[in-house]
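**Student:** My structure is below; once you've seen it, I'll send some questions.
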Number of protein chains: 2
Amino acid sequence: MEMAEESFQDQGSVQHCFGCGSENVEGMRIKSFWDDGIDSAVCHWVADPKYCGGSPEILYGGTIASLIDCHSVNLVVALEYRKEQRPIGSDPKIACVSANLNVNFRKPVPINKTIQLKANVLKCEGRKTWVACTLSVDGLACADGEVLVVRLKSA
Amino acid sequence: MEMAEESFQDQGSVQHCFGCGSENVEGMRIKSFWDDGIDSAVCHWVADPKYCGGSPEILYGGTIASLIDCHSVNLVVALEYRKEQRPIGSDPKIACVSANLNVNFRKPVPINKTIQLKANVLKCEGRKTWVACTLSVDGLACADGEVLVVRLKSA
């Protein structure tokens, strides 16, 4: 089991991003960690009430999509650093983006509970990695998605 | 050509939602209008700089997904009211949710430009409506998606 003391983001994986940038003080600032599976990561997050959807008690679908997208991309960034056997955030920086995001909204997500995200790699081909991610609350899966993440070529 | 003076949201389609709720002052507050196509809607939006992605110049992918999701759902809500030949937001309220969101991120979206969203209905079966939505900037399509929107049964 590999466990970083700091989240991927706090190690410098991403700085600005609204979803996960450690320096975006107005953002969601999710924190992703190695999970105890192989090539997998976990994140826990509690939504501010402003991120509600059609009713004040339910999390906004766009935020659900953002969580799945961002956590999945962060897993791939961390894996790309690991492949090169160097610390997350070390130079030269590795950047990845999502090319496709496909989310199934299966149950309403209560807004006042801790959300758990679990992401794991499905497949990897060159600069492309396919990630599956599940969002659950109190052990109940409420949404899931797949993200196609692409590593950008170095500048 | 059908053109409302007020946006769907300001007519009362959705109140709380982070993406489009007219009363969520901390939210994105997108505004959707009838477009000149059949069963289609348009939205223009300029992002606050906080909604950046991996770099400060580029819009966050989660926000792109949110825009596509929210505008598409709002189109369906408006259409459901129209089917019943009554004003948007009138009682009994009509509520719709997304069941699936599939987004292709094709080009980076510059954050300081006006974004245009165009959504149109692909198919309708009972309480399910499939919507296609394109996000473009200066006439260039940067992202597109499909949303499966489901009308909730009345309480």
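**Student:** Report, in listed order, any pair from A:LYS128/B:LYS31; A:LYS31/B:LYS118; A:LYS107/B:LYS128; A:LYS83/A:LYS118; A:LYS50/A:LYS123 with a Cα-Cα distance greater than 26 Å. Please list the in-between numbers first.
**Tutor:** Details: A:LYS128/B:LYS31 35 Å; A:LYS31/B:LYS118 34 Å; A:LYS107/B:LYS128 16 Å; A:LYS83/A:LYS118 20 Å; A:LYS50/A:LYS123 35 Å.
From A:LYS128/B:LYS31; A:LYS31/B:LYS118; A:LYS107/B:LYS128; A:LYS83/A:LYS118; A:LYS50/A:LYS123, over 26 Å: A:LYS128/B:LYS31; A:LYS31/B:LYS118; A:LYS50/A:LYS123.
**Student:** Can you give the average number of partner chain beta-carbon atoms within 10 Å of each beta-carbon in peptide A:136-148, as a whole number?
**Tutor:** On the way: counts 0, 0, 0, 0, 0, 0, 0, 1, 0, 4, 1, 2, 2.
For this peptide, the per-residue mean of nearby foreign Cβ atoms is 1.
**Student:** Given the rule -39500 (n - 2.57) for each run of at least 4 DSSP H residues, summed and divided by the residues of the protein assembly as shown, what is its mean residue ellipticity at 222 nm, to the nearest 500 deg cm²/dmol?
**Tutor:** Working: 2 runs with 46 residues, N = 310.
Value at 222 nm, helices only, nearest 500: -5000 deg cm²/dmol.
**Student:** Could I ask something else about it? Determine, for B:ARG151, B:ARG106, the number of other Cβ atoms within 10 Å of each Cβ, and report the residues in order from fewest to most.
**Tutor:** B:ARG106, B:ARG151
**Student:** Another question, then. Counting just the Cα atoms, what span does the range B:1-137 cover along each of its three principal axes? Round to the nearest Å and put the largest first.
**Tutor:** That works out to 45, 30, 29 Å along the principal axes.
**Student:** Can I ask one more? Please report, in whole Å³, the volume per residue of the convex hull around the C-alpha atoms of the range A:60-155. Please report the intermediate quantities before stating the final value.
**Tutor:** On the way: hull volume 10.2 nm³, N = 96.
In the range A:60-155, the Cα convex hull volume per residue is 106 Å³.
**Student:** Let me ask something else about it. What do you get for Rg/Rh of the protein assembly as shown when both radii come from the Cα atoms and Rh is the Kirkwood radius?
**Tutor:** Details: Rg = 19.0 Å, Rh = 19.5 Å.
Looking at the protein assembly as shown, the ratio lands at 0.97.
**Student:** Order these peptides, B:127-133, A:13-19, by their mean beta-carbon neighbour count within 10 angstrom, highest first. The partial results should precede the final answer.
**Tutor:** Details: B:127-133: 19.6, A:13-19: 24.6.
Per-residue Cβ counts within 10 Å, averaged per peptide and sorted highest first, yield A:13-19, B:127-133.
**Student:** Something else about it: Partner chain Cβ atoms within 10 Å, averaged over the residues of A:93-104 - can you pull that number for me? Please list the in-between numbers first.
**Tutor:** Numbers: counts 1, 0, 2, 1, 6, 8, 5, 6, 12, 7, 9, 6.
Mean inter-chain Cβ contacts per residue within 10 Å come to 5.
**Student:** Summing +1 for each Lys or Arg and -1 for each Asp or Glu, what net charge is found among the other residues whose Cβ lies under 12 Å from the Cβ of B:ILE30? Each step should come with its number before you reach the end.
**Tutor:** Details: positive: B:ARG29, B:LYS31; negative: B:ASP10, B:ASP69.
Counting the neighbours of B:ILE30, the net charge comes to 0.
**Student:** Mind grabbing the base-10 log of I(q)/I(0) for the range B:22-93 at q = 0.11, 0.17 Å⁻¹? Debye formula, identical points on the C-alpha positions, no solvent, two decimal places.
**Tutor:** -0.35, -0.73
**Student:** While we're on this one: Would you mind giving the mean number of other chain beta-carbons within 10 Å of the Cβ of each residue in B:45-52, as a whole number? Intermediate results must be reported in sequence, preceding the final value.
**Tutor:** Details: counts 0, 0, 1, 2, 4, 7, 6, 6.
Across the residues of B:45-52, the mean count of other-chain Cβ atoms within 10 Å is 3.
**Student:** Please report Rg over Rh for the range B:1-45, where both radii come from the alpha carbon positions and Rh follows the Kirkwood definition.
**Tutor:** Details: Rg = 10.7 Å, Rh = 10.7 Å.
So for the range B:1-45, dividing Rg by the Kirkwood Rh gives 1.00.
Every read-out reported here was derived from the displayed coordinates using simple, explicitly stated rules and does not represent laboratory data. Owing to the predicted nature of the structure, the values given are computational and were not obtained by experimental measurement. All Cβ positions, glycine included, derive from the backbone under ideal geometry; neighbour counts span all protein chains shown.
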